[in-house]
Amino acid sequence: MSSTTVITNIASLVTNDPSLGDGSPLGLIQDAAVVIDGDRVAWTGESSKAPATDNRVDAGGRAVIPGFVDSHSHLVFAGDRTQEFNARMSGRAYSAGGIRTTVAATRAASDEELERNLTRYLREALRQGTTTFETKSGYGLTVEDEARALRIAASHTDEVTYLGAHIVSPDYADDPAGYVALVTGEMLDACAPYARWVDVFCEKGAFDGDQARAILTAGKAKGLHPRVHANQLSYGPGVQLAVELDAASADHCTHLTDADVDALASGDTVATLLPGAEFSTRAEWPNARRLIDAGVTVALSTDCNPGSSFTSSVPFCIALAVRDMRMTPDEAVWSATAGGARALRRDDVGRIAPGAYADLTLLDAPSHVHLAYRPGVPLVTGVWRRGVREI
Ligand SMILES: [Zn+2]
């Protein structure tokens, strides 16, 4: 039998359900309580109306928000790229080629080493309030190494993405068409059983529009659903291809034409913005304001990876989005929770409402606004995942 717990004396609760709270997208409830039954939320409302439960937790007049849904990370890797970052911060431009350094280290690593690394970063993310995460392959680039990465990832999350098309494998430097054939053939066959999603880095120096279409279409035929690294470093076909193929998300969206924005506004593809990448490469910020004002659904994620965005902190990304991408604090918190859930086509996470998983983050602050107002401060003081208090 599952037991019930009430978390009471919550100064400000973000439910992300407008019908439960003040009618805003965040569905805010002041002086609130949440009842957890097993791994699910059973009730939310004003503290004074909370039903009787087996257990009681006093939130102490602090804020509770849904656990963060980090819908874009690259956590199965070995080694680091401190020297590359240091050089770039000393004036050298970023290019996609740095991925090869991580490919070499990842291929050389044991399964245990990759597992240990992944577990370490997941723990780090959990401490910062992340309760759902997606992660990708893409640092193996051989049939065996890609399948291995996905097998390891699949033991930690349902949101596993096949990214054999991260870059053209160095083994196929003179034969990119041969590599696309591998990615859409033998490698896909070996990887599909472990993955939910198929992804491609559609960018100059990685894969062009025709190659990306072939890779995503082949993945779809194997039952994988598309998501796309699109329009990060330059203008290109990635975003419109993502919308055309009904990808769950087009990720990065830094260089967009009006036609790209119109396409996103017209379809069900979420624009996932990853400000850690622009921060860590001193690149131009994506224009979140333009997207939101056009009616595009925006998610915020970390892109945690050892090359271009080595942060597992969603609160850091929220602060960047508010300060530098002109999102309001409410929009940024919504995008990092409900937005991430949309980017994974989930409605059982990213909100605190009856029926959803009991994934909650307790902040040492009276309001979610403090995530941007107090940047860099470790405000996460409690985390429940699937109804279990982990932090
Ligand atoms: Zn990425």
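Overview of results
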item	result
Checklist (1) among the charged types (D, E, K, R); (2) open to solvent by less than 10 Å² (accessible area, probe 1.4 Å); (3) within 13 Å of the ligand (Cβ to nearest atom); (4) out of contact with any Pro (no Cβ under 8 Å at 6 or more places or on another chain) applied to residue 203, failing item	(2)
Per-region count, region 1-41, residues in contact with a Ser or Thr (Cβ under 9 Å, 6 or more places away or on another chain), polar (S, T, N, Q) and on the phi < 0 side of the Ramachandran plot	7
Neighbours by Cβ (under 6 Å, 6+ apart or cross-chain): first from region 144-167, open to solvent by 10 Å² or more (accessible area, probe 1.4 Å); second part of a helix (DSSP H, G or I) and aromatic (Phe, Trp, Tyr)	151/194; 154/194
Restricting region 291-309 to residues that are touching a residue at least 60 places away in the same chain (Cβ under 8 Å) and touching a Lys or Arg at 6+ places or on another chain (Cβ under 6 Å), the residue that is nearest to the ligand (Cβ to nearest atom)	307
Residue identified as among the basic types (Lys, Arg) and modelled with pLDDT of 95 or more among 88, 56	56
Test: residue in region 120-135 that is surrounded by 21 or more Cβ atoms within 10 Å (Cβ to Cβ), without any contact (Cβ under 8 Å) to a residue 40 or more places away in the chain and more than 14 Å from residue 73 (Cα to Cα)	no
Within region 256-275, considering residues that are more than 13 Å from residue 299 (Cα to Cα) and among the small types (Gly, Ala, Ser), the one surrounded by the fewest Cβ atoms within 10 Å (Cβ to Cβ)	259
Filter result for residue 244 (under 26 Å from residue 347 (Cβ atoms) and either within 16 Å of the ligand (Cβ to nearest atom) or open to solvent by 10 Å² or more (accessible area, probe 1.4 Å) (or both))	yes
The lone exception for residue 219 - which of (1) away from the ligand (no atom under 16 Å from the Cβ); (2) part of a loop (DSSP other than H, G, I, E, B); (3) touching a strand residue (DSSP E or B) at 6+ places or on another chain (Cβ under 9 Å) it fails	(2)
Any hit, region 175-184, residues being surrounded by fewer than 20 Cβ atoms within 10 Å (Cβ to Cβ), within 16 Å of the ligand (Cβ to nearest atom) and within 27 Å of residue 143 (Cβ to Cβ)	no
Any hit, region 98-107, residues being open to solvent by 30 Å² or more (accessible area, probe 1.4 Å) and not in a helix (DSSP H, G or I)	no
Strands (runs of 3 or more DSSP E) fully within region 22-95 counting 3 or more residues that are farther than 23 Å from residue 311 by Cβ	29-37, 40-46, 55-66
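The values are calculated or read from the model by the stated rules, or taken from the named source; none is laboratory data. Just so you know, these numbers come straight off a predicted model, no measurement behind them. All Cβ positions, even for glycine, are placed from backbone atoms using ideal geometry, and neighbour counts span all protein chains on display. Heavy atoms of the whole protein, side chains included, go into the accessibility calculation; ligands, DNA and RNA do not. Shrake-Rupley method; radii C 1.70, N 1.55, O 1.52, S 1.80 Å.
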